[in-house]
């Protein structure tokens, strides 16, 4: 058993342990932190496969972006110390059985299939990825690249439209500072305005 | 077992851990985190197949890059929806969002 294999098993155990903690933890903030570690472990697995570019993208986008967004939304919607609502034991057992049988079925499926591995070593040069991403010909990915950039733009505009506060309640609270000439017409339940 | 099969075992386990979270969680943000785990396991699969079976092409790499991008967009939208939901319901548990039920 060589060092590479030991590192691989350590990484795999780390990823699975952190993922298990992330789906079983009671407090949602800790759950988000376990998810963070699981994603870092997956980035480590990409490094182990000598795919530095994907590992860097994984760390930048998932760890730096998505988990931070999730933590933001946890803080906007929860008391981070509260426990999440509990699930019944019967539901947990049913889910566990379904998951274990599904995993066993899938794993035996590909353990019995012998993949004929290619003998050529993979060339993970970043220049190769960059050239292919902006190429229009065979094996080029320019069109999906542009499509996904439009999708990102649309998603960001959509986020703003969905998350923006409706104008009516906002005008009273923040836009017009209370002045003497027009008497304040505050609505009597100002709870929302304080939170956001 | 070769390397590819070992990686596939890990990604399958990760995928089903995500499904377990999806089935047992009652909180929308926690469900979102389970979905992230499942997307990540799919990414590992794409990258591993590309590296070990088709080292001459880059399709798996690009699929995982695009999946990561779309996951980012999806999470941003989901969080906008969650914040809006919290504003309307004062809660992000899926049991309390029964507006369309009747």
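Side notes on the structure shown:
- Some residue of region B:13-27 being in contact with a strand residue (DSSP E or B) (Cβ under 8 Å, 6 or more places away or on another chain) and either within 17 Å of residue A:30 (Cα to Cα) or more than 7 Å from chain A (Cβ to nearest Cβ) (or both): yes
- Hits in region A:120-163 - residues which are more than 9 Å from every other protein chain (Cβ to nearest Cβ) and outside any helix (DSSP H, G or I): A:125, A:134, A:135, A:136, A:137, A:138, A:140
Quick grid of which residues meet (1) within 21 Å of residue A:71 (Cβ to Cβ); (2) part of a helix (DSSP H, G or I); (3) at pLDDT 90 or above; (4) within 14 Å of the chain's Cα centre (by Cα):
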site	(1), (2), (3), (4)
A:6	no, yes, yes, no
A:12	no, yes, yes, no
A:15	yes, yes, yes, no
A:20	yes, yes, yes, no
A:32	yes, yes, yes, yes
A:37	yes, yes, yes, yes
A:41	yes, yes, yes, yes
A:45	no, yes, yes, no
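Quick grid of which residues meet (1) more than 9 Å from chain A (Cβ to nearest Cβ); (2) at pLDDT below 90; (3) surrounded by fewer than 16 Cβ atoms within 10 Å (Cβ to Cβ); (4) not in a helix (DSSP H, G or I):
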{"site": "B:70", "(1), (2), (3), (4)": "no, no, yes, no"}
{"site": "B:73", "(1), (2), (3), (4)": "no, no, no, no"}
{"site": "B:77", "(1), (2), (3), (4)": "no, no, no, no"}
{"site": "B:83", "(1), (2), (3), (4)": "no, yes, no, no"}
{"site": "B:86", "(1), (2), (3), (4)": "no, yes, no, no"}
{"site": "B:99", "(1), (2), (3), (4)": "yes, yes, yes, yes"}
{"site": "B:102", "(1), (2), (3), (4)": "yes, yes, yes, yes"}
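- Residue match in region A:57-71 (condition: surrounded by 14 or more Cβ atoms within 10 Å (Cβ to Cβ), closer than 22 Å to residue B:31 by Cα and touching a strand residue (DSSP E or B) at 6+ places or on another chain (Cβ under 6 Å)): no
- Count of region A:103-137 residues, restricted to those that are in contact (Cβ under 8 Å) with a residue 60 or more places away in the chain and more than 18 Å from residue B:11 (Cβ to Cβ), is 3.
One line per residue, one yes/no per condition, for (1) at the interface with another protein chain (Cβ under 10 Å from one of its Cβ atoms); (2) within 21 Å of the chain's Cα centre (by Cα):
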| site | (1), (2) |
| --- | --- |
| A:58 | yes, yes |
| A:63 | no, yes |
| A:66 | yes, yes |
| A:78 | yes, yes |
| A:107 | yes, no |
| A:117 | yes, no |
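The values are calculated or read from the model by the stated rules, or taken from the named source; none is laboratory data. Predicted, not measured: the structure shown is a model, and the values here were computed from it. Reconstructed Cβ throughout: ideal geometry from the backbone, glycine too, with neighbour counts over all protein chains shown.
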